[in-house]
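The values are calculated or read from the model by the stated rules, or taken from the named source; none is laboratory data. What you see is a predicted model, and the numbers here were worked out from it, not measured in a lab. Here the Cβ is made from the backbone with ideal geometry for all residues, glycine too, and neighbour counts use every protein chain on show. Remember, those area values only see protein heavy atoms, side chains included, never the ligands or the DNA or RNA. Shrake-Rupley method; radii C 1.70, N 1.55, O 1.52, S 1.80 Å.
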Amino acid sequence: MKRDTIIAGKILEDMSDGVMTISLEGKIVTFNPAAARILGISQKEALEKSFGELFLLAEENDDFNQTILDAIYESSTSHNRIVSYTNQGTCLTLALTTTFLRSEDGSDEKMGVIAVFSDITALQQLQEAEARMAEELKAKHKELQQAYLKTEQGNEQLQSALKKVQIIRNTA
């Protein structure tokens with residue numbers, strides 16, 4: 001049992017995703033180093049503190065907070081959302097999954113909420129850049145099509161003029 005606890009703790013420490021668990025009393029019970037890095041709050045500052053006092057006062061993080069609250073109010077389902085989160089003036093995009101924790105002993109005892117989140121800001125920026133480039137490529141493609149059509153029309157006019165010149169030569 002002690003070995004399993006050590007392994008579980010090591011996994012939480014080494015994860016690149018943030019993990020936060022909140023007890024039924026609203027206290028933050030688990031806050032791994034990745035959570036501290038992503039959210040800009042030290043582990044010492046977060047652990048055993050009230051979720052409400054640390055997070056609910058920051059209105060700019062309402063989407064993040066609401067997803068965590070939804071896990072409490074709608075405890076029968078998991079919630080997967082893309083939310084914005086402002087960390088010390090920097091706006092991040094997080095992939096956030098929240099689940100209401102229940103006891104595994106079959107008693108269905110409510111234990112708290114777990115939130116697992118990843119900073120996907122760079123990924124989102126790359127997707128937006130890719131979409132912009134795709135639009136630019138479409139515009140360039142359309143320009144090339146129009147240039148090709150103009151060239152073809154010019155060729156047709158030249159062919160017509162050449163035929164007229166040949167007719168005039170033959171007549172002369």
Residues of the stretch 1-122: accessible area per residue with a 1.4 Å probe, Å²: 58
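What's the ranking of 37-43, 157-163 by average number of surrounding C-beta atoms within 10 Å, highest first? Mind showing how you got there, number by number?
On the way: 37-43: 17.0, 157-163: 10.0.
Answer by packing, highest mean first, reads 37-43, 157-163.
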Carbon and sulfur %, accessible surface of the stretch 26-66 computed with the full protein complex present, 1.4 Å: 51
C-alpha long axis of helix 62-73 to longest principal axis of the chain, angle in °: 50
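Checking the table LYS140/LYS163; LYS2/LYS27; LYS138/LYS164; LYS10/LYS44; LYS142/LYS164 against a 29 Å threshold on Cα-Cα, which pairs fail?
LYS140/LYS163; LYS138/LYS164; LYS142/LYS164
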Label selected from [x] 62; [y] 74; [z] 69, the criterion being percent of Cα pairs over 19 Å apart as computed here: [z]
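Please work out whether the stretch 36-94 counts as rounded, prolate or oblate from its C-alpha gyration tensor, where a ≥ b ≥ c are the square roots of the eigenvalues and a/c under 1.5 means rounded, while otherwise a/b larger than b/c means prolate and anything else oblate?
On the way: a/c = 1.88, a/b = 1.28, b/c = 1.47.
Taking the square roots of the gyration eigenvalues as a ≥ b ≥ c, the stretch 36-94 is oblate.
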Rounded if a/c under 1.5, otherwise prolate or oblate - the stretch 99-172, Cα gyration tensor axes: prolate
Crossing angle, helix 121-171 versus the chain [Cα axis fit, 0-90 degrees, rounded to tens]: 10
